[in-house]
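Report on the structure given below.
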Amino acid sequence: MITKRQYVITYYYLVRALFFGAATSYLINTTGNACYLSAIIGIGLGLGFSYLLYYINKVKEEKKIVDYVGRGLLANGIKLLLLLIGVVLLNNVLVSISTMAYAFYLVSTPVIFITLAIAIVIYYALKKGIKGFLRAIEILFPLSIIIFILKFSTVFEAMHLDNFKPWLNSDLKSILKGSLVFFSNTITPGILMLNFQKSDYEYKNNALGYLLGSGTILFVLILIIGIFGMPLARMLRYPEYMILKKVNILNFIENIENFLTIVLIIDNLVVGVLATFLVRDVVKSWVKKEKIIKWWDIIFLLGMCLVSVYLFNNHYANILRLYRYEYILMLGLSLSLIGLILWQIKRLDQ
Amino acid sequence: MKKILLVLMCLMMCGCYDYKELNQISIIGGIGIDYDNEYIVSLEIINDKKTSEGDSDSVKTATINGTGKTFVEAFNNAIAKVDRDPYFYQMQVLLISENAAVKGLNEVFDYLLRESKINNSFYTVVTKDTTPQEVFQINSLTEPVASSKIVKMLKDGSGDIKFNKNDEFDLLVGKYVKQGIDISLVALEMEDGEIAFNHMAIFNGDSLITFLNKDDSITYNLLTNKSEGIYLTSEDNVVALFGNKTKKEFKDGKIVITFTADATITEVQDNIDFKDLSVYSKLSQEFSKTMQENIENLIDHSRNYNADILGLGQLIYADKPNSYQKGIGLKVLVEVNASINVNKNGITFEVIK
Amino acid sequence: MLGGVCMIERKIKEEFNDSSDLIVKKIKNITIIYLESVSSSDKVNDYITLMTSIDNGKIRDVFDRMAAPNIKEIKKYDECEFYLTNGFTLIIKGRKIYAVETRADIHRSVNVPQTQQSINGPKDAFTENIQINLGLIKRRIKSSHLINEDFMIGRKTNTKVSLLYLDDICDEGLIFKIKRKLSKIDIDGLLDSAILAQLLTEESKTPFPMAIESERPDRVANDLLEGKAALIVDTSPFVIVLPAFFVDFINPKSDDYNKSVNINFVKIIRSVSLLLTLLAPALYVALINYNQETIPISLLINFSQQRDGVPFPAAIEAFIMLIMCEILRESDIRFPSSYGSSISILGALIMGEAAVSAGIVSPIMIIVIAITFITSLIFTEMEMINSLRVFRFLLLIAAALAGLFGIVLAGFIFLIHLCSVENYSMPYTYPLAPFDKIYAKKTLLKEQTKKSKYRSKLLARKNQVRMGGEE
């Protein structure tokens, strides 16, 4: 059971999460000065997609999506797509948190240990159940908002309007491509919202959560372009971390960027935990043996740690490939999943 | 119980790879780069062991030098000579000598931007007629650390040439890579063993061209809104300017620079009577003409050296990208309107005769 | 049937092994048996003289003529032991046994509270007698809806436990669950209410306290009006209130007697000191050893000069100092104050100048540990201070291993642990996590008395309006 407030807050975290590390720098690289236009178009597309999610949630009422689709070939296809989305999201989360920790916090620790520490936190959240986890992130929500307001108000004075000119420097094709990048990075974690059990759904909860999450991302993009200007913003690898270095309160508190990036870790952890819950539910509906279900969590998390470290994190070229092609993969998976679920709903209604 | 042990073991494996005790690090305050057929990199170490012994009056900092064919090689050579682990996150200043600036800045900026163990909020200064090693070795009583002294004089002091937040390293590199603007840095020189800032160094692309004279440097600082309280002289009258604003626009194929400021009278001739209301408008006109001449001189002098330090090319690119081509900032027509409003005169009514 | 008088008398003497305080007296044709240690001899003498003065010595029907406040007839023999040990006097006439209450008052008188003091508000405290405790509460809530039910717990101690609740406010499901758990307890002796609290709540899952133990009747009455249930245990001066939430332990209820604007400042300081007491040593270790760029440069040079001569790494130093301070605090509680105050002076000397001058710890570490302990003493509940200690050590270990990143991960684990605790199927972080503005305004911040009109939604589902009238 999830309350209305927790629903909105979870959606807010999920929408924002993948923008740390991968999506922001790729978006600025493809669209340049007009990335906020791509963001606005992406928000429009995302609101429409949230309506589809609301419709599916309303039809399935209090069941989880894994229990609702039932049996059959189409249902197995849907479950397979859900599994793939969960795996892709968890991989993304592990890679992005560990590269951030590796680049800024702990520079000479081997990456496998950082990833294992994150996996321990995800496993602990899994063991305690989803209700406690949802309450914990509800408590952390004011912290996220306060840090955003602090960030925005202290860095605002370093912005220059000249950095936005020349207006509309990019062509229409790259703006549309940027909007697809924005769209796929916000709605793919939104699929995880289908796995909750709630009695009454309203569209305005979805819309509020989506607007809050993507609105903060839009402001961050505007800040990045306004402070750094175009050629430099394209060169930096983690621009949303670099703007935090400019926070300067009363000329006395400086260099607090390490404290302010805590909220970015929280977003990613939320996605990681919910993705692991989804994968566990899918596997539970397929496999009936007791022993595998008992040990599944540990095996799955350890396997994902090894995959993310040894396939992606050991070479910079692999991470570049991840950035470049991942949005196509996520877009394909999520759109085909929604299509299949809508087909299944039509079949089940007959 | 077994689960807790397992978790603790996993945590212990994290090890203490990044654990740095305070006695194990050398805090580096500034980097200096010199070029003399090969790169010479100097590092100023703040918490040398000598500083902790003895009384606080005799605090000294240490300087380490390293040489190499390229900048990165010299840098690594210098780091290898530091006796403890070097720590760069508190770095405050980067000193580049004249020879190194003439050679080129691309390699230096690129390495310092990419390296993750160096922070991005230090200031860059060019040294004129001295080397960075000598600058690091001065030892004044009030501030023994030379890097802090330079930064404090430029940020909080009351000189004519100053820094503001736009001169931090990453924003400087942002200006450097833009098209249509050339950077200019403050130049440091030693006068009788003390540090003085009298000139600005202007660049063309990545190498140093020349130093501007003092008037042009002060005008440049006024135009980029960095300082307040700067004195302006015109026929034995001196005013101090406050609240200066610069506006640059591109219309009808020429650039219009508008400069407005309020002024406070500091030194006047004997025959000025303050109770006469027309004195203020006369003084305003006089100073406005002087300011206009100063700005036009600055633009002419900088154009002689092919350096577009006011960013006129970038302005054209921002407003009308179609009519931009490389070097147009040096050729475009500039119209200067300066208006200085003398409206304050201190706390006395009359001049002492 | 009970058998004759002589048989009953012999059976009782055999059961009590002829103990020296069992007094058996025969007066004319009645037998009086009582235990001298728990009965008051004055009262027994009064009743005997009263009885012998009726009908000139001939006693026919004792029961109708006895002017005693509490007189019961015993039908079964097993109840004799219960009544004798509770201070009753057995009067055996013929085949009938009567029990008259002549209990001795072996308890303290009502006194000021020892551990939960306050400046304003009532200053009476519970004692070890259940009737006096019940009386103190019933003096404050004079309503017929206040229900108390009695249970006897403990095979050998037969301790009387009394469950109190207001039946038009309190939730019936809660009472049902408490009664079911009480009936399942099978223990040989119940000596204090703390043991009952541990038996009624799940002790093994979390170090946090799950029941409020209070010494003040006004706090218990306040909680009863909110919709909670209270358990009074005989021979214990602490009364348990169930269910307890995390925010109940941070602010004492005697804050209600001050103005809201003034006291909100103090409440915010208490919440901030909760964070400080958890994070101070861990944050210090993480900043000094992993993220030195946050500290301004002049302070950093100062720290590095201070830490020059110290042999231990900062994490080990923090660990040692925390354990030394725990030992100091524990010895301060137990040591009788009449032995002199030189022990505390010795402890302070160890921590203070001597350790610094000998070069074992650095001065900044003493300040950090002092902040930790002073902010932990701001809470009123001892259990809460002890439970935070576990998480303080966990955060310190995480900070020593992975710096600020480790603090974030360990803090996340702490938060998930705190939020997944449930107390009688009500979440432990109740006004914060499923956010309820009304209860948060009673515990975390105080609103003006005229405006606090409602009760909380979770505890008092039946009756939510508590105050009417104009604004």
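Do the sum for chain C: with -39,500 (n - 2.57) for every DSSP H run of n ≥ 4, divided by all residues, what is the mean residue ellipticity at 222 nm, to the nearest 500 deg cm²/dmol? Don't jump to the answer; show the numbers that get you there.
Numbers: 16 runs with 205 residues, N = 471.
Mean residue ellipticity at 222 nm (helix-derived): -13500 deg cm²/dmol.
Using each residue's phi in the stretch B:283-297, evaluate 6.51 cos²θ - 1.76 cosθ + 1.60 at θ = phi - 60° and report the 3J(HN,Hα) Karplus result to the nearest Hz, with x for Gly and Pro.
5, 4, 4, 4, 6, 4, 5, 4, 5, 5, 5, 4, 5, 5, 4
Identify all lysines with a Cα-Cα distance to B:Lys254 below 27 Å; exclude those on the same chain that are fewer than 8 residues away in sequence.
Qualifying lysines at Cα under 27 Å: A:Lys165, B:Lys175, B:Lys178, B:Lys226, B:Lys245, B:Lys289, B:Lys320, B:Lys326, B:Lys331.
Going Cα to Cα from B:Lys81, which lysines come in below 29 Å? Please leave out same-chain ones fewer than 8 positions away.
Those lysines meeting the cut-off are B:Lys20, B:Lys49, B:Lys50, B:Lys60, B:Lys69, B:Lys103, B:Lys117, B:Lys128, B:Lys149, B:Lys152.
Is the shape of the stretch C:258-420 best called rounded, prolate or oblate, per the rule: a/c under 1.5 gives rounded, else a/b larger than b/c gives prolate, else oblate, with a ≥ b ≥ c the square roots of the Cα gyration tensor eigenvalues? Can you show the working numbers first?
On the way: a/c = 1.60, a/b = 1.04, b/c = 1.53.
It comes out oblate by the Cα gyration axes.
If you restrict to DSSP beta bridges whose two residues both lie in the protein assembly as shown, what percentage is antiparallel, to the nearest 5?
Looking only at bridges with both residues in the protein assembly as shown, the antiparallel portion is about 75 percent.
Collect residues whose amide H, placed 1.01 Å from N in the peptide plane, falls under 5 Å from the amide H of B:Glu335; neighbours closer than 5 in sequence don't count.
Those qualifying (amide H under 5 Å, at least 5 residues apart or on another chain) are B:Ile255, B:Val256, B:Ile257.
When Lys and Arg each count +1 and Asp and Glu each count -1, what net charge do the other residues less than 14 Å away from C:Ser456, Cβ to Cβ, add up to? Mind dumping the intermediate values first?
On the way: positive: C:Lys228, C:Lys437, C:Lys441, C:Lys442, C:Lys453, C:Arg455, C:Lys457, C:Arg461, C:Lys462, C:Arg466; negative: C:Asp171, C:Asp223, C:Glu226, C:Asp248, C:Asp436, C:Glu447.
Charge balance near C:Ser456 sits at +4.
Name the helices (complete DSSP H segments) of chain C with a Cα length along the long axis of 24 Å or more and a Kyte-Doolittle mean of at least 0.5, or state none.
Values: long enough: C:260-289 (43 Å, 1.49); C:314-334 (30 Å, 0.99); C:382-419 (31 Å, 1.93).
Span-like helices in chain C: C:260-289, C:314-334, C:382-419.
What's the exposure ranking of B:His199, A:His160, B:His301, going from fewest to most Cβ atoms within 10 Å? Don't skip to the end; give the middle numbers.
Working: B:His199 21, A:His160 13, B:His301 18.
With the fewest neighbours first, B:His199, A:His160, B:His301 line up as A:His160, B:His301, B:His199.
What's the Kirkwood radius of chain A in Å, using all Cα pairs?
Every distinct Cα pair counted, the radius reaches 20.9 Å.
Rounded to the nearest whole Å³, what is the per residue volume of the convex hull around the Cα atoms of the protein assembly as shown? Don't jump to the answer; show the numbers that get you there.
Values: hull volume 324.8 nm³, N = 1174.
Once divided by residue count, the hull of the protein assembly as shown is 277 Å³.
Sort out for me the Cα centre separation of the stretch A:65-79 from the stretch C:76-149, rounded to whole Å.
Here the two parts' Cα centres lie 65 Å apart.
Report, in whole Å, the centroid distance computed from the Cα atoms of the stretch B:304-345 and the stretch B:247-263.
Cα centroid of the stretch B:304-345 versus Cα centroid of the stretch B:247-263: 8 Å apart.
What pairs in C:Lys253/C:Lys450; C:Lys205/C:Lys267; C:Lys76/C:Lys96; C:Lys123/C:Lys228 have C-alpha atoms more than 19 Å from each other? Could you put the intermediate results ahead of the total?
Working: C:Lys253/C:Lys450 17 Å; C:Lys205/C:Lys267 29 Å; C:Lys76/C:Lys96 10 Å; C:Lys123/C:Lys228 22 Å.
Going by Cα-Cα distance, C:Lys205/C:Lys267; C:Lys123/C:Lys228 fall outside the 19 Å limit.
Helix B:214-223 versus the longest principal axis of chain B: what angle, 0 to 90°, nearest 10, using Cα atoms?
90
Give the Kirkwood hydrodynamic radius (Å, one decimal) of the stretch C:130-255, defined as one over the mean of 1/r across all pairs of different Cα atoms.
Numbers: mean 1/r = 0.0674 Å⁻¹.
After inverting the pairwise mean of 1/r, the radius is 14.8 Å.
Can you divide the C-alpha Rg of the stretch B:230-353 by 2.2 N^0.38 Å and report the result to two decimal places?
Working: Rg = 17.9 Å, N = 124, 2.2 N^0.38 = 13.7 Å.
Compactness ratio reported: 1.30.
Just the C-alpha atoms of chain C: what Rg/Rh do they give, with Rh taken as the Kirkwood radius? Walk me through the intermediate numbers first.
On the way: Rg = 29.3 Å, Rh = 26.8 Å.
Ratio of gyration radius to Kirkwood radius: 1.09.
Which value results when the Cα radius of gyration for the stretch A:204-305 is divided by 2.2 N^0.38 Å? Each step should come with its number before you reach the end.
Details: Rg = 20.2 Å, N = 102, 2.2 N^0.38 = 12.8 Å.
Scaled against compact globular proteins, the figure is 1.58.
So who's got an amide H within less than 5 Å of the one on C:Thr157, skipping anything under 5 residues away but keeping other chains? H placed 1.01 Å off N, in plane.
When sequence neighbours closer than 5 places are left aside, the close amide H contacts are C:Leu190.
Mind jotting down the distance between the C-alpha centroids of the stretch A:19-59 and the stretch C:225-253, whole Å?
51
What do you get for the angle between helix A:130-155 and the principal long axis of chain A? Use alpha-carbon atoms, 0 to 90 degrees, nearest ten.
Rounded to the nearest ten degrees, it is 10.
Give the share of C-alpha pairs in each 10 angstrom bin for the stretch C:214-319, from 0 to the last occupied bin, in whole percents, shortest bins first.
Computed distribution, short to long bins: 11, 27, 20, 16, 16, 9, 0.
Read phi for every residue in the stretch A:309-324 and hand back ³J(HN,Hα) as whole Hz from Karplus 6.51 cos²θ - 1.76 cosθ + 1.60, θ = phi - 60°, with x for Gly and Pro.
Those phi angles translate into 7, 8, 9, 10, 8, 8, 9, 5, 5, 5, 5, 5, 5, 4, 5, 6 Hz.
Evaluate the Debye formula for chain B with equal point scatterers sitting on the alpha carbons, no solvent, and hand back log10 of I(q)/I(0) at q = 0.09, 0.15 Å⁻¹, in q order, two decimals.
-0.62, -1.24
Under the rule of at least 5 residues apart or a separate chain, name every residue whose amide H is placed under 5 Å from the amide H of B:Ile40.
The answer is B:Asp34, B:Tyr35.
Under the Karplus relation 6.51 cos²θ - 1.76 cosθ + 1.60, θ = phi - 60°, what is the ordered set of whole-Hz ³J(HN,Hα) values for the stretch A:292-298, x standing for Gly and Pro?
Whole-Hz 3J(HN,Hα) from phi for the stretch A:292-298: 5, 5, 5, 9, 4, 4, 5.
Take every residue in peptide A:118-124, count the Cβ atoms of other chains within 10 Å of its Cβ, and give the average of those counts. Mind showing how you got there, number by number?
Working: counts 2, 1, 6, 6, 1, 2, 8.
So the per-residue partner count for this stretch is 4.
May I ask you to list the GluC sites (Glu not before Pro) in the stretch B:248-353 that are in a DSSP loop and have at most 11 other Cβ atoms within 10 Å of their Cβ?
Those that pass, being in a loop and sparsely packed, are B:Glu350.
Given the options A:Gly42, A:Gly226, A:Gly132, which has the most mean-square fluctuation in a GNM of chain A, springs set between C-alpha atoms less than 10 angstrom apart?
A:Gly132
Quick one: the Cα spread of the stretch B:15-211 along its three principal axes, in angstroms, biggest first?
49, 41, 33
Quick note: the coordinates plus some simple rules give every number you see, no bench work behind them. Given the structure is predicted, the values throughout are model-derived calculations rather than measurements. Glycine gets a Cβ as well: all are built from the backbone with ideal geometry, and neighbour counts include every protein chain shown.
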